[in-house]
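Heads up: the structure comes next, in structure tokens.
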Amino acid sequence: MKRSSIGLFLLAVCCVAFAQSEIQFEDPPPSDRPWVYWFWKNGNISREGITADLEAMQRVGIGGAILMEVALSVPKGQYEFFSPEWRELFAFAVQEANRLGLVISMNSAPGWTGSGGPWVTPERSMQQVVFSETNIAGPKPIALALPRPQAVLDYYEDIAVLAFPATTGTYRIADISEKAFYKRGAFSSQPSVRATLPSLADYESAPQDAITPLKQIVDLTAHMDRDGQLTWDAPEGNWTVLRIGHTSTGQTNRPAPLPGLECDKLDTEALDAHFRAFIDVLLEDIGPDARKALVSVHLDSWEVGAQNWSRRFREEFTKRRDYDPLPYLPVMGGRVVESLDVSERFLWDLRQTVSELIVENHGRRLRELAHDEGLWFSVEPYDMTPCDDMSLGATGDVPMCEFWSKGFDTRYSVHEATSVAHVYDKPIVAAEAFTSIDRWLFHPGTIKAQGDWAFCEGVNRFVIHRYIHQPYSNIRPGLSLGPHGLHYERTETWWEFSRPWHEYLARCQHVLRQGRFVSDILYLSPEGAPNVFQAPDPAPKGYKHDGCTPEALLTRVKAEQGKLVLPNGARYRLLVLPKAETMTPALLRKVGEIAAAGVAVVGAPPRTSPSLTKYPECDAEVQQLAAEIWGASAGHVVLPQDASQTAASTDNPRDALAQAHWIWHREADPATAPPPGKRYFRRVFSLPDNAVAKNARVVMTADNAFELHVNGLPAGDGDTLNELYAMDVTSLLRPGENVIAVAAENKGGKPNAAGLVGVLLIHLGDGSDVAVPTDAQWVSSTDADAGKWTAVHDLGLFGIAPWEDVGKKADRIDPYPDSAQIESLLRAMGVHPDFEASAPLDYVHRRLEAHDVYFVTNGSQDAVTAACTFRVDNMDAQLWHPETGRARTLNGLSPTGDGRSVISLRFDPLESYFIVFGPRDPKRAQKAADRADFPTLNVIETIAGPWSVTFDRSSGGSGEPVTFDELVDWSQRSDESIRYYSGTATYAKTIEIPESALKNRRPLYIDLGRVEAMASVRLNGRELGIAWKRPFRIAIGDAARPGENALEVRVVNLWPNRMIGDERLPADSERDESGTLKQWPQWVLENGKSPTGRVTFATWRHWTAEDSLIPSGLLGPVTIVAEE
């Protein structure tokens, strides 16, 4: 809502004077606005679309974009990637961004992964060690050609030839592909991938017949010529000869319109060559005038797997580990050299060396190259990373993370990125935000709570995933990223309603970049690679924490006055060690120095070093240091209550499905080849008449997707086969008969495996339990409305093929002591919780020079009033509201007597705001003393029908006013132009506002009640604002007048209803069975309209004619409320 210039000035003065800093809260600078991922799709680009996209971003408050082109799920367009014409469009996009005051970040390669392309040659690509094996019997002179090991892309170079007495045993080191970095899976999406590989103090003994003594390994490298001919006088006995070399891993960048090999991540020269071939070329095209709009280079989520060799790897390994890796190379093939303990230590050193080289020669080097061009560098350091995630993240100027609204759980990456920023002094923490599997169901009101959670974790820049470039002006919603969202582009129905949401984000991001993050606990991340930082779950209540890499503890952390101190001034009261049996002497010495300086340390003593460096002396040093640090005189070191050094795993969610059966409709063999499509399942069961469900949940998944209803009400859904979805259905159950209904979909373009599995677990108030698993008692149908139900096909118990790995996860490791112990220890130290509340609220705390800023959020759908206790004392408090940009003084703050203050706060559903504490000012407090902190709202008028409602003709409406006698859901109307309508409709009505309501100049609001999905309000021709979330309430200000007032409410719903309606019409494009567009229809290319009358056109089919419509429109009740 617009404010007068005097009002803006007074607000600015109030905020700046209170915070003594130039916090531009009401109108943050453009640099603090949210960004988007801007995907160009497979050469489908137009200059007009570029301009329209960027103008739409600027219009609603987007500040920048990460631009990348991908080749997914759409037919090829007219522009070849990286052709002169394509490069001209890229330069044009940067120039347009510059014109509009936007900024662009360029991805480091075609596609969204890595740093590669067709200019990368095999010798400069990611490398792996390969072997060939030849068995020889001596004694006798040997002259033979050794087989060349595998050569990917016909590239191979020798490393060494080693011989050793042949072993008779077949034992090989377990998981050698993972341990030797031949592979690294995606932790976020592959359940069996471990966060880290354990390093043990005591390994089992390998069988003697499988062990090769180190001293018996003979280096024959000098005995083989360039053609692979070996000449050697073999001693007596049977010998194994390994020809060892390296070749390309064959990994390519993806999903790229111009695929090629990924460059060697351990070699700066390989990266330099890639940078020159790709990024430098684009920079030269842009020109100096527009260059200021191109601000950064971005390295997106890793996703290119592992490598274990490079041209200078042997020299680098020797320099870093202080021994030659050559005689240990047979271990990379799974052989045991000397002992299993020695071999595992070598593998630890191998992985650590790879990790360090990736960090230094790829991450840091890419930052250097970017800086040389006047650009900064952002990095998403996770998923398939063969290194320590946080160490790679620390190479970026802006560390990034990712969180999904629906799909994979990548919250761990948020903990990693925020920890990197706080420990390595990075002011901005960015997030690939709200990634999802989306069917055009999300909008700002549905994602706000998750965004506020990310703010509380420390994120302060959203890069919303994703905005798809729309090259054609005649189709809506147009191009998509297949099923992946969030759908977030100008062709969204609600796009022009989104500016207040973006202003909210900008204000939050601006404030959350001020000062420094307040945290009490520093969790030391385990040594070694790979390593995904696993924050404690649940975390200590009332205390924030960060993760710290071993490298950061060694180089950045100091102990002063009983606290851990970083160069940026951040301070921690407690260091928590991971549950690990091993630690290198250097890191353990640092821990000892910290404890000796009076800092509290929690953890059990390590027993050995994980490394072969200076072995076995390193173990003796570890044991001596541990005895000193954990000795009787070390009063600042606390053992965890569970003194086990082995990280414990949590409960396995698969256990809940132990008695459940996979089921499907009776048709072709469901385990192999039923046809694609939806099938419907039902199970009727009864609870006792007096039963009260204390808690109840459904655990379910399907191959490929499902929607669950309980007693006719939606209860949840899922569309990732490997994910076991848990849904709380307690409130949906009732005594007597209950009905579980599931719509399960088999996706794909041809027949494939299909199944549904789940269980309803009920705990009743009398202490008894009820389980309702999927089994032969269920019935199914191909048509839920026809009522033709038949017994399901019972395929067998959960765990059968081909679904034996569904829901299987690597054990969730809890690598730290129980959070309750950490809380108790801090309290015993006199460190009170930083924030406590009598309701489940979340928070984040930033400290400025003389002020403390708390962001507090209510993530629930209910209004909450809570007593909130803050760790501040003798200060004034203000409430800064990021939805409005307004600030006001609070009066109800009281001291608790222990250095904290308490105040009662009220939150609407999903509401969040800042509580800002500053120096006491009696004059300010006196001025606000006569006003309640949270005035009550009373209804003074209920606005009944009729309403005149107009549906836009361009969106499929009639364009003529329609009378609604009462407010009803559009999808329930008989008129199909309304029932299937998606877009904006205008409700108009003359309302009466009594003069008495205006006399006292009480603030008045229009409360719209329920809105599906967003609304804007105009009164007497004046725009009042946009209601984009619950409560849908808009301040009237001075727009009202006594008597008659002209009210207009523009309401926008979502795309699904129109898409469902259009699926009832003949097709206007050719698609495969999954709904993916095969080729562009001629009418699209010719800027025409659908020949079959469809309103919508999307490149991926998310809805069918049989799908249920979603509620839409203004549902009310609409009231006028006044502040009291």
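In table form, for the structure just shown:
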| item | result |
| --- | --- |
| Unmet requirement for Leu564, which otherwise passes all of (1) in a loop (DSSP other than H, G, I, E, B); (2) aliphatic (A, V, I, L, M); (3) modelled with pLDDT of 95 or more; (4) within 22 Å of Arg846 (Cα to Cα) | (1) |
| Check on Ile1110, touching a Pro at 6+ places or on another chain (Cβ under 8 Å), under 30 Å from Asp908 (Cβ atoms), assigned by TED's automatic domain parsing to the domain that holds Ala1013 and among the aliphatic types (A, V, I, L, M) | yes |
| Residue list for the stretch 174-197, filter: surrounded by fewer than 19 Cβ atoms within 10 Å (Cβ to Cβ), hydrophobic (A, V, I, L, M, F, W, C) and either closer than 15 Å to Asn308 by Cα or touching a His at 6+ places or on another chain (Cβ under 7 Å) (or both) | Ile176 |
| Residues satisfying the stated conditions in the stretch 754-768, i.e. touching a strand residue (DSSP E or B) at 6+ places or on another chain (Cβ under 8 Å) and at pLDDT below 90 | Gly765 |
| Selection count, the stretch 1062-1080, where residues are more than 18 Å from Ile468 (Cβ to Cβ) and either without any contact (Cβ under 8 Å) to a residue 24 or more places away in the chain or in contact with a Gly (Cβ under 8 Å, 6 or more places away or on another chain) (or both) | 5 |
| Residue match in the stretch 586-601 (condition: within 20 Å of Leu200 (Cβ to Cβ), under 36 Å from the mean Cα position of the chain (by Cα), in a loop (DSSP other than H, G, I, E, B) and at pLDDT 95 or above) | no |
| Residue match in the stretch 601-614 (condition: out of contact with any strand residue (DSSP E or B) (no Cβ under 8 Å at 6 or more places or on another chain) and free of Cβ contacts under 8 Å to residues at least 12 places away in the same chain) | no |
| Exclusive hit being aromatic (Phe, Trp, Tyr), touching a His at 6+ places or on another chain (Cβ under 9 Å), outside the structural domain of Thr986 (by TED's automatic domain parsing) and closer than 25 Å to Arg411 by Cβ, set Tyr523, Tyr504 | Tyr523 |
| Counted residues, the stretch 170-216 - those being touching a Ser or Thr at 6+ places or on another chain (Cβ under 9 Å), part of a loop (DSSP other than H, G, I, E, B) and hydroxyl-bearing (Ser, Thr, Tyr) | 6 |
| Pairs where the first residue, in the stretch 784-800, is part of a loop (DSSP other than H, G, I, E, B) and the second is of a type in the set (Lys, Arg) and at pLDDT 85 or above, C-beta under 9 Å, 6+ apart | Ala784/Lys678; Ala784/Arg682; Trp789/Arg682; Val792/Arg666 |
| Test result for Leu826, within 30 Å of Leu577 (Cα to Cα) and at pLDDT 95 or above | yes |
| Checking Ala222 against (1) outside any loop (DSSP other than H, G, I, E, B); (2) at positive phi; (3) not polar (S, T, N, Q), the condition it does not meet | (2) |
| Elements of type strands (runs of 3 or more DSSP E) in the stretch 813-880, at least 3 residues being without any contact (Cβ under 8 Å) to a residue 60 or more places away in the chain | 864-870 |
| Any hit, the stretch 1015-1022, residues being touching a helix residue (DSSP H, G or I) at 6+ places or on another chain (Cβ under 7 Å), loosely packed, with under 15 Cβ neighbours inside 10 Å and not hydrophobic (A, V, I, L, M, F, W, C) | no |
| Among (1) surrounded by fewer than 21 Cβ atoms within 10 Å (Cβ to Cβ); (2) closer than 28 Å to Asp285 by Cβ; (3) modelled with pLDDT of 95 or more - the single one Ala71 does not satisfy | (3) |
| Cross-chain or 6+ apart pairs with Cβ under 6 Å, the stretch 932-956 first and in the same structural domain as Thr865 (by TED's automatic domain parsing) and without any contact (Cβ under 8 Å) to a residue 12 or more places away in the chain, then of a type outside the set (Lys, Arg) and part of a strand (DSSP E or B) | none |
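The values are calculated or read from the model by the stated rules, or taken from the named source; none is laboratory data. Quick caveat: nothing in here was measured; it's all calculated off a predicted structure. Cβ: placed from backbone, ideal geometry, glycine included. Neighbour counts: every protein chain shown.
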